[in-house]
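Encoded as structure tokens, the structure appears first; notes follow it.
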Amino acid sequence: MAKKKNTDSKELFAEFPNLYKVSSDDDIDTCMEFAEDYKAFLNVSKTEREFVITSVEAAESIGFVDIDTKENLEAGDKVYTSIRGKGLALAVIGKKPAINGFNILGAHIDSPRLDLKPNPIYEDEETCYFKTHYYGGIKKYQWTTIPLAIHGVVFTKDGKKHEIVVGEKEDDPIFYITDLLPHLGGDQMKRNASEFISGEDLNVIIGGRPISKEDTKNAYKANILKFLNDNYGIKEKDFVSGEIEIVSAMKARDVGFDRAFIAAYGHDDKVCAYPALMALFDQEKPNKTCVVLLTDKEEIGSYANSGAQSVLYENFMMEIFAKQSGEAFNLLSYRKCIANSKMLSADVSNAYDPKYASVSDARNSAYMSHGIKLEKYVGSRGKSGTNEANGDFVAEITRIFEENSVLWQTGELGKVDAGGGGTISAYMAKHGMEVIDCGVPVWSMHAPYEVISKMDLYCTYLAYKCFIENI
């Protein structure tokens, strides 16, 4: 009988330490610098369209080109394609043949918000409003009494695109949704939280001055319409072709005396999209082709031609395969390439909050500042709607993380019967590739102002970089 190996009992336990306790001062300083760059990027990329614009500008500055300009692809080539201006796919071509598969990072760049209805402008009791339709899962009461900004585009009949951003500059006006004063809110406070304010009452104040001093019908609405036409060249009917979003006007700010955390609008999921992008930008001539997919519409099911279920993302990878191989396209060979591919579904998850401990299993939760969170499965209740990562792939990921000193943790999205959620992983896994969800833990997810740890942000960048370089 072989002699048993003596193992320190401490090695048998799963430990996920706080990164601030085990990181050097130099590493913490690097983390803080990375966070400053992230905040600056986020402040100018609050919507999916803006994130695409900012990302393309950054990519082109380091040598990325539109894939349509390349007839063939060689190791080290950097290419991208815009997905209807609201999604983005980028790649750095590797040295190995495409049939070996791609290393893929996939995140989404849309966030919960308020969208305008097709006929949004109305006047009521000498005040002008926008009517909205909320986008994604929100707590409606959280959107009242906070500063709001308007971001978006309107397309007019002459084919022109008119961009609108108001509420971000220091001298801009902001926009606002009222709530009842506590003195008169007795009946309101007796309602369930989901009924404090209805979706139809999420109406945004946009003006309160008449177009003239004369007593004319819709004078307040007319004044706003004149302002919009004078400044943006749009008329009321043009709103039906508009994509106008109401978002938090607050900037990304440090949280706490020690600045350990960041509060911002849109961490979900730009806090994963940004480090994925930075990890790709670090690549020059990787072994395997590295791909980053930044998708739209995840918060409402990944539909439409800019969501993760769109074939446009697959078209990009097909084009890479065809142009990298230099041969006539073969669908079966492409399918084998994708089956050989591996992906991190880069999406946020909940962080354990001791104030709301009742909805979480403390033994199976991610904690702030303990590193990137690996989730073998998401879904709701009985794992409904999830992609469950294969065990051998999970082991491969944790092995390369540990070999490269990337600290990670694991957990679920709350207690089994408490709720749940989904990511883009299931839509990607159906193509045959190996996929696991992993990203940054978040407090107050889907609120207009969410919180993340700077250490988790930087650790996620290191994890994504480790993955695309070592798988």
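The values are calculated or read from the model by the stated rules, or taken from the named source; none is laboratory data. Since the structure is predicted, the reported quantities are computational estimates derived from the model, not experimental observations. Heads up, the Cβs are rebuilt from the backbone with ideal geometry, glycines too, and the neighbour counts pull from every protein chain shown. To get the accessible areas, we keep the full protein, side chains included, count just its heavy atoms, and leave off ligands, DNA and RNA. Shrake-Rupley method; radii C 1.70, N 1.55, O 1.52, S 1.80 Å.
A few points about this structure:
- Acute angle (nearest 10 degrees) that the helix 267-281 long axis makes with the longest principal axis of the chain, alpha-carbon atoms: 50 degrees
- In the frame of its principal axes, segment 371-471 has Cα extents of 36, 34, 20 Å, reported largest first.
- From the largest down, segment 139-283 spans 60, 50, 27 angstrom on the principal axes of its Cα atoms.
- When only the Cβ of Lys, Arg, Asp and Glu is charged (+1, +1, -1, -1), the dipole of the chain relative to its Cα centre reaches about 1060 debye.
- Asn231-Ala40 FRET efficiency (beta carbon distance; Förster radius 41 Å; 0.05 resolution): 0.90
- Among beta bridges that DSSP assigns inside segment 29-133, antiparallel share in %, nearest 5: 85 percent
- For segment 276-363, the list of GluC sites (Glu not before Pro) that fall in a loop by DSSP and count at most 15 other C-beta atoms within 10 angstrom reads Glu284, Glu327.
- Pairwise alpha-carbon distances in the chain exceed 41 Å for 23% of all pairs.
- Simple rule: put +1 on each Lys or Arg Cβ and -1 on each Asp or Glu Cβ in the chain, find the dipole, and look at Leu181, Ala252, Ser425; the Cα lying farthest toward the positive end is Ser425.
- Convex hull volume of the Cα atoms of segment 218-282, normalised per residue: 182 Å³.
- Rounded percent of accessible protein surface that carbon and sulfur make up, segment 15-77, 1.4 Å probe: 45 percent
- Ellipsoid equivalent to segment 263-325 - semi-axes via the Cα gyration tensor, in Å: 24, 19, 5
- Normalised by the number of residues in segment 190-276, the average gap of Cα pairs under 8 Å and 6 or more apart makes the relative contact order 12 percent.
- Rg then Dmax, both in Å and based on the Cα atoms of segment 280-365: 18.4, 59.
- Mean separation of Cα contacts under 8 Å (6+ apart) over length of segment 225-311, as relative contact order %: 12 percent
- In units of the compact-protein estimate 2.2 N^0.38 Å, segment 138-184 shows a Cα radius of gyration of 1.61.
- Sequence-separation-based contact order of the chain, relative, with Cα cut under 8 Å and 6+ spacing, percent: 22 percent
- Percent antiparallel among DSSP beta bridges (both partners in the chain, rounded to 5): 70 percent
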